[in-house]
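Notes follow once the structure below has been shown.
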Amino acid sequence: MARFIIDGGHRLNGSIRVHGSKNAALPILAAVVMAQGETVIKDVPRLDDVFVMLEILRSLGAKVAFHKNEVVIDPTFIHTTDVPEDLMKLMRSSIFLMGPLLARFQSVKISKPGGCTIGSRPIDFHLKGLRMLGAEIIERHGYIECRAERLQGGSIFLDFPSVGATENLLMASVLAEGETLIGNAAREPEIRDLAAFLNQLGARIEGAGEDTIVVHGVPKLQSTEFRVQPDRIVAGTLLIASAMTRGHVEIQNVRPTDLTAVIMKLQETGVQVKPNHDILEVRSQGMLKAVERLQTSPFPGFPTDLQAPFMSLLTVAKGTSIISETIFEDRFKHVSELQRMGASIKVDLRTAFIRGIPELTGAAVEATDLRAGAALVIAGLGAEGRTILDHVYHIDRGYEAMELQLRSLGAKILRVQDSLERLEAQAE
Ligand code: EPZ
């Protein structure tokens with residue numbers, strides 16, 4: 001398994017461009033199955049989750065090409081709607097294929113997605129919404145089979161503003177008969193991006209980004225060319241990493257309004273963040289201040305995906321900070337790893353109490369999930385001495401060549417393949 005070797009204490013300086021958003025690209029790539037002919041998607045990040053999604057589309061019969069950050073997909077020759085179990089197991093976001101395949105091909109079969117290290121992550125809101133659109137859903141032997149002659153528009157009210165359920169139901173409704181209303185919808189920027197893409201294909205969606213979305217069903221969609229929005233979580237991660245090293249960085253290709261909650265919290269710690277169109281300038285000097293309360297919540301609140309990275313910063317902020325994780329039930333796995341680096345953190349269910357210490361100390365730690373891995377990289381950048389971070393494959397799911405990006409800003413970070421991987425690479 002590849003690992004990172006990080007020598008802390010080096011300030012990040014310079015400028016960096018943020019790549020396209022993983023969480024916008026994944027539903028958009030799934031939605032392409034509803035288009036007619038070749039569709040081009042630009043600024044798609046080269047991430048393991050994206051490669052898996054494209055592999056699934058190929059396995060269904062779509063023609064797929066991925067050069068640099070541009071994907072060209074032609075779904076014309078899709079001949080099955082059974083999502084391969086082995087690929088499904090690699091990435092739970094394959095559930096985004098349910099809405100589009102059902103809408104275009106009237107059927108879809110997936111294996112029940114497992115939970116992951118941050119929680120059980122059920123999909124009951126997705127299934128309840130699809131049933132309200134007229135889908136017949138059978139769950140048996142670990143599979144979920146859906147059918148619908150033609151989905152019928154209807155009124156859906158989500159029990160929770162789930163991002164994935166909003167996206168799946170949005171995609172299912174664009175080809176449904178009549179009008180669909182999605183109440184208590186998620187308002188994340190990725191929803192707006194997906195709706196913009198679908199409207200470019202010829203869908204008729206109003207209110208995306210608000211808590212009520214109205215969709216007027218259309219008989220078919222055409223093809224288009226679309227650029228994915230910047231990844232706000234990668235941008236936030238770079239902001240926090242720069243602050244951790246007391247650096248001065250210009251982050252390009254950002255939508256500052258997607259990061260208001262994060263910028264406000266960083267400014268509370270004393271970090272200077274200056275938005276300027278699609279650039280964020282971040283500068284941090286001297287002691288950081290603790291933040292009394294940080295609570296993750298649906299957009300526009302503080303994003304759960306930046307809770308772990310921000311906690312790394314707070315481990316060396318003067319005073320005691322309190323973080324409440326309200327979105328996922330098990331998203332504190334990074335705490336024990338930060339404690340190995342000397343952090344003083346106490347956890348009580350979904351609340352963490354972080355007492356700032358002067359400096360973390362490098363140690364051997366491991367990434368338990370994507371954002372916990374990012375948090376440990378940030379901790380290593382600010383720590384005294386060397387940090388060895390194992391299982392960096394988690395990080396490759398959401399950050400394109402993270403170590404190269406950080407090295408270009410002056411970080412001392414190296415990716416080391418283990419001997420078996422080196423031998424395999426040489427054998428190829
Ligand atoms: C999306 O996951 C993101 N993933 C997550 O990012 C992100 O953390 C999350 O939204 C919240 O912002 C992608 O977009 C690919 P939810 P999703 O449905 O859609 C519960 C990352 O690091 N729930 O909003 O799965 C669920 O268990 C990833 O990039 C149900 O109970 O999130 C969770 O507790 C991690 N039933 C809460 O709702 C359902 O049917 C929020 O989940 C669906 C969700």
I'm trying to understand the selection: among the residues of the stretch 325-352, which are small (Gly, Ala, Ser), over 19 Å from ILE6 (Cβ atoms) and buried (at least 21 other Cβ atoms within 10 Å of the Cβ)? ALA352
Within the stretch 168-221, residues being open to solvent by 20 Å² or more (accessible area, probe 1.4 Å) and either among the hydroxyl-bearing types (Ser, Thr, Tyr) or modelled with pLDDT under 95 (or both) number 1
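This table checks each residue for (1) over 23 Å from ARG46 (Cα atoms); (2) within 16 Å of the ligand (Cβ to nearest atom); (3) not assigned by TED's automatic domain parsing to the domain that holds GLN272.
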residue	(1), (2), (3)
GLU190	no, yes, yes
LEU194	no, yes, yes
ASP211	yes, yes, yes
HIS216	yes, no, yes
PRO219	yes, no, yes
VAL249	yes, no, no
State whether the residues of the stretch 161-181 include one that is without any contact (Cβ under 8 Å) to a residue 24 or more places away in the chain, closer than 30 Å to THR326 by Cα and within 24 Å of the chain's Cα centre (by Cα). no
Quick count over the stretch 65-88, residues being under 11 Å from VAL33 (Cα atoms) and open to solvent by 10 Å² or more (accessible area, probe 1.4 Å), is 5
Within the stretch 132-165, track down each residue that is of a type outside the set (Lys, Arg) and part of a strand (DSSP E or B). GLU136, ILE137, ILE138, GLU139, TYR143, ILE144, GLU145, CYS146, GLN152, SER155, ILE156, PHE157
Can you tell me which residue within the stretch 35-45, out of those that are touching a strand residue (DSSP E or B) at 6+ places or on another chain (Cβ under 8 Å) and of a type outside the set (Gly, Ala, Ser), is surrounded by the fewest Cβ atoms within 10 Å (Cβ to Cβ)? LYS42
Checked the stretch 1-34 for anything in contact with a strand residue (DSSP E or B) (Cβ under 7 Å, 6 or more places away or on another chain) and among the basic types (Lys, Arg); matches are ARG3, ARG17
Does at least one position in the stretch 311-324 carry a residue that is in a strand (DSSP E or B), away from the ligand (no atom under 16 Å from the Cβ), of a type in the set (A, V, I, L, M) and crowded, with 20+ Cβ neighbours inside 10 Å? yes
If we ask which residues in the stretch 379-393 are part of a helix (DSSP H, G or I) and either β-branched (Val, Ile, Thr) or open to solvent by 30 Å² or more (accessible area, probe 1.4 Å) (or both), their number turns out to be 1
I'm trying to understand the selection: among the residues of the stretch 89-112, which are over 17 Å from the mean Cα position of the chain (by Cα) and open to solvent by less than 50 Å² (accessible area, probe 1.4 Å)? MET98, GLY99, PRO100, LEU101, LEU102, ALA103, SER107, VAL108, ILE110, SER111
Can you name every residue in the stretch 270-297 that is surrounded by fewer than 21 Cβ atoms within 10 Å (Cβ to Cβ) and within 16 Å of the ligand (Cβ to nearest atom)? GLN295, SER297
Reported set for the stretch 128-170 where residues are of a type in the set (A, V, I, L, M, F, W, C), under 19 Å from VAL83 (Cβ atoms) and within 7 Å of the ligand (Cβ to nearest atom) is ALA165
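The values are calculated or read from the model by the stated rules, or taken from the named source; none is laboratory data. Please read these numbers as outputs of a predicted model, since none were measured by experiment. All Cβ positions, even for glycine, are placed from backbone atoms using ideal geometry, and neighbour counts span all protein chains on display. When the accessible area is computed, the model is the full protein with side chains, heavy atoms only, and any ligands, DNA or RNA have been set aside. Shrake-Rupley method; radii C 1.70, N 1.55, O 1.52, S 1.80 Å.
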